[in-house]
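Participant: The structure is given below, and queries will be raised subsequently.
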C-alpha cells in the first residue's frame with residue numbers, strides 16, 4: 001500500500017492512498033477488488049489515526065462515504081475507486097463529504113457513457129482526454145453526494161462551479177503515472193454553502 005500526493009487542494013488532513021491486487025488473484029473479481037479497496041482505505045485511515053478494525057465504512061445518501069465508530073458517530077469522510085489492478089482511497093474530515101474516481105488515461109469514452117453522464121456533451125467538440133476529465137469529476141462528485149453515477153446528468157457546471165441538488169462542490173483533477181500506467185484522477189468535496197448562497201446560481 002502506498003501514498004499519493006493530492007494536487008490542487010491544500011488539505012493537510014486529507015490522505016490519498018492506493019493498493020495493488022496480487023498477480024495471482026482474479027483482477028476481474030468484484031470481491032477481490034472490494035477487498036483491495038478496503039486495504040487501501042485501511043491504510044489511509046491508519047494515516048488519519050483511525051483503526052478500521054473498530055469502525056465501519058458506509059455510504060450515506062447526500063453525505064457520501066463515512067467512517068463510523070462503534071458508537072454510531074461519523075468520525076471521518078472517505079471514498080474508494082477501483083481501476084484494476086489498483087484500488088484508491090481518500091479520507092478526510094467528517095464534515096468534508098468527499099469522492100474519488102480514477103480511470104486509465106487511454107480509456108475511450110463511448111457515446112453510451114456520454115449519454116449516461118451528460119446529455120449536453122457534444123463528443124465532436126471535445127478530445128477523449130476532456131471527456132475522461134468530465135467523467136471522473138462527475139463520478140467523484142456523485143460519490144461525494146452519496147449517490148451513484150445514474151444521477152450524473154443532474155450535476156451541472158455553472159460559472160466554474162459544480163452544482164448538484166442546490167449544493168456547491170469543488171473538484172481537483174490531474175494525471176499521474178503509476179508503474180508505467182497513466183491515469184486520470186478526480187477528487188470532489190462538498191463545500192459548506194448551498195447554490196442559493198452563490199450569486200448567479
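Participant: For segment 1-45, divide the Cα radius of gyration by the Kirkwood radius and give the resulting Rg/Rh value with two decimals.
Facilitator: Rounded to two decimals, Rg/Rh equals 1.08.
Participant: Listing 116, 43 from the residue with the fewest other Cβ atoms within 10 Å to the one with the most, what is the order?
Facilitator: Ranking 116, 43 by Cβ neighbours within 10 Å, fewest first, gives 116, 43.
Participant: Under 8 Å for C-alpha pairs, at least 6 residues apart: give me the relative contact order for the chain, rounded to a whole percent.
Facilitator: Computed over the chain, the figure is 18 percent.
Participant: Would you mind computing Rg(Cα) / (2.2 N^0.38 Å) for segment 62-134, counting N as its residues?
Facilitator: Computed over Cα atoms of segment 62-134, the ratio equals 1.44.
Participant: Please list, short to long, the whole-number percent of alpha-carbon pairs of segment 2-197 in consecutive 5 angstrom bins beginning at zero.
Facilitator: Pair shares across the bins are 1, 8, 16, 20, 21, 16, 11, 5, 2, 0, 0.
None of the figures in this text is laboratory data; all of them are computed from the coordinates on show. Computed from a predicted model, the values in this text were never measured in an experiment. Positions of Cβ are generated from backbone atoms using ideal geometry, with glycine treated the same way; all protein chains shown enter the neighbour counts.
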